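**Q** Below is a structure I'd like to ask you about.
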2 protein chains.
Amino acid sequence: MVEVTEDLADEILARGPSRDASLPPQGGVELKTSGAMAPEREGESKADGPRIEVVLVVSDVPEAYALKRARLAGIRAVVVSPRDFSTREEHDLALTALLCEAEADLVVLAGYMRLVSPAVLQAFPNRIINLHPALLPSFPGTTAIADALRYGVKVTGVTVHFVDEGMDTGPIIAQEAVRVEEGDSEETLAARIHAVEHRLLPQVIRLIAAGRVRPPLPGSRVVQVH
Amino acid sequence: MVEVTEDLADEILARGPSRDASLPPQGGVELKTSGAMAPEREGESKADGPRIEVVLVVSDVPEAYALKRARLAGIRAVVVSPRDFSTREEHDLALTALLCEAEADLVVLAGYMRLVSPAVLQAFPNRIINLHPALLPSFPGTTAIADALRYGVKVTGVTVHFVDEGMDTGPIIAQEAVRVEEGDSEETLAARIHAVEHRLLPQVIRLIAAGRVRPPLPGSRVVQVH
């Protein structure tokens, strides 16, 4: 049993050498965390919130540091990369099987740079969330921080949202603003954005585990958090 | 000589009965304020900042309350509406002549729902600013607050930007975030956004008057504020 703490969030978010922004997107940060969460009702009234167990860490980058950290923490860590499969369908099947076998209640994407296939989405309806380093719908895609700087916004931020078929288009669960300061470089802005990411993602996971996040009703995009 | 105070900002932002959101955009809020600002260098060191004079208020809505308030404050107030001219060119010429005659250093759009013609833009390069009730580039256009609520964002805000040929696409001078609260209606969210607008717009006008806002260099969109 592993609690989601700030440390674990760092672990989930930890990114290896492939984090280098100069690498092409497909070689970039790709890391998927799956936490099987038992929202034990009697635990909710406790000050420390519901218990959360991280049952599996998946990455498509074999050298991702997150895999190493997961193993050090006693969490199963697996590489699933499309290049190891002859078809997209086989890859999706293997990924879905792995997540189902782990009995994951929630799949958390943190720096995962691939679109999630409909096959995987259907297996986890409203159970896959993603972390994005901008205030969506502004600056979707894999270069959000650089795009925001180039556009010249004075406020950007962090978004956690449910994943759908689109590129960063799913219903928004939580957002937090980050000011762009005069003279910010991509590095200095990214540092402040990542600090917010490391706080916001575990917060949202705890809210979901506590049953406090209601996915949108049909015909709506609005996520209710209570 | 009229100082730009919070009261005057309210005046600039005051909107008549045509503010009703149920009216179509072309009948909506349309109000243009032009402030001829003498950034008297010796005045900058004063605690109350540079002197700012509002020389003209223009609206294309004859019944706009801002016109009445301007007249009560002793400021020239004029209606310039495209429907009073047989061609777009004549309208643009009249508007440009009026602004030039008033020796306006800055043209402030607050709730002006029309695109500004290239003819007017060319007469006031980097001298026309607009106030927008969202964090651009998210939710451009005339229904920004409703659009943000419908999209389900958790953070929206206010933008002040230089005006270019596009719809809310010009370089951004200042932004401020506003949280969307659970249960917000368009009215409750608009009230909080307007409160920020009434503070941010005069702030930006004062910064420009003090020479602290540098328009983007060629090839860039980034506005420097120091």
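**Q** How much accessible surface area, in Å² rounded to 10, belongs to the heavy atoms of A:K68 with a 1.4 Å probe?
**A** 120 Å²
**Q** Considering only protein heavy atoms, what is the solvent-accessible area of A:R192 at a probe of 1.4 Å, reported in Å² to the nearest 10?
**A** Accessible area of A:R192: about 80 Å².
**Q** In region A:68-152, which chymotrypsin sites (Phe, Trp or Tyr not before Pro) fall in coil by DSSP and have 15 or fewer other Cβ atoms within 10 Å?
**A** Here the chymotrypsin sites (Phe, Trp or Tyr not before Pro) that fit, given the DSSP loop and packing criteria, are A:F85.
**Q** Determine the equivalent ellipsoid of region A:159-226 by diagonalising the alpha-carbon gyration tensor, then write out the semi-axes as square roots of 5 times the eigenvalues, largest first, rounded to whole Å.
**A** 27, 15, 9
**Q** Further, regarding this structure: Over region A:100-211, what is the mean sequence separation of C-alpha contacts under 8 Å (at least six apart), divided by residue count, expressed as relative contact order in percent?
**A** About 23 percent, as a whole number.
**Q** Just checking the output field for B:153-164: average partner chain Cβ neighbours within 10 Å of each residue's Cβ?
**A** Other-chain Cβ atoms within 10 Å of each residue's Cβ, averaged: 4.
**Q** For a distance above 26 Å, tell me the whole-number percent of Cα pairs in region B:98-226 that qualify.
**A** Within region B:98-226, distances greater than 26 Å cover 22 percent of Cα pairs.
**Q** Starting from the amide H of B:V54, placed 1.01 Å from N in the peptide plane, find each other amide H under 5 Å away whose residue is 5 or more places distant or on another chain.
**A** Those qualifying (amide H under 5 Å, at least 5 residues apart or on another chain) are B:V2.
**Q** Given the C-alpha centroids of region B:96-119 and region B:172-226, what is the distance between them in whole angstrom?
**A** What the calculation gives is 19 Å, centre to centre.
**Q** Now for a separate question. Pull up all non-local amide H partners of B:I128: gap of 5 or more, or a different chain, and H-to-H distance under 5 Å with H placed in the peptide plane.
**A** When sequence neighbours closer than 5 places are left aside, the close amide H contacts are B:V107, B:V163.
**Q** From the label point of A:V78, set 7 Å along Cα to the beta carbon, how far off in nm is each other copy's matching point, shortest first?
**A** 7.3
**Q** If you don't mind, another one. Defining the label point at 7 Å along Cα→Cβ, can you sort the distances from B:V225 to the same site in each other copy, shortest first, in nm?
**A** 2.6
**Q** May I ask you to report, in nm to one decimal and beginning with the shortest, the distances from B:A119 to the same position in the other copies, taking label points 7 Å along Cα-to-Cβ?
**A** 6.2
The values are calculated or read from the model by the stated rules, or taken from the named source; none is laboratory data. Please read these numbers as outputs of a predicted model, since none were measured by experiment. Every residue, glycine among them, receives a Cβ derived from its backbone with ideal geometry; neighbour counts consider all protein chains shown. In case anyone asks, the SASA skips ligands and DNA or RNA and just uses the protein heavy atoms, side chains included. Shrake-Rupley method; radii C 1.70, N 1.55, O 1.52, S 1.80 Å.
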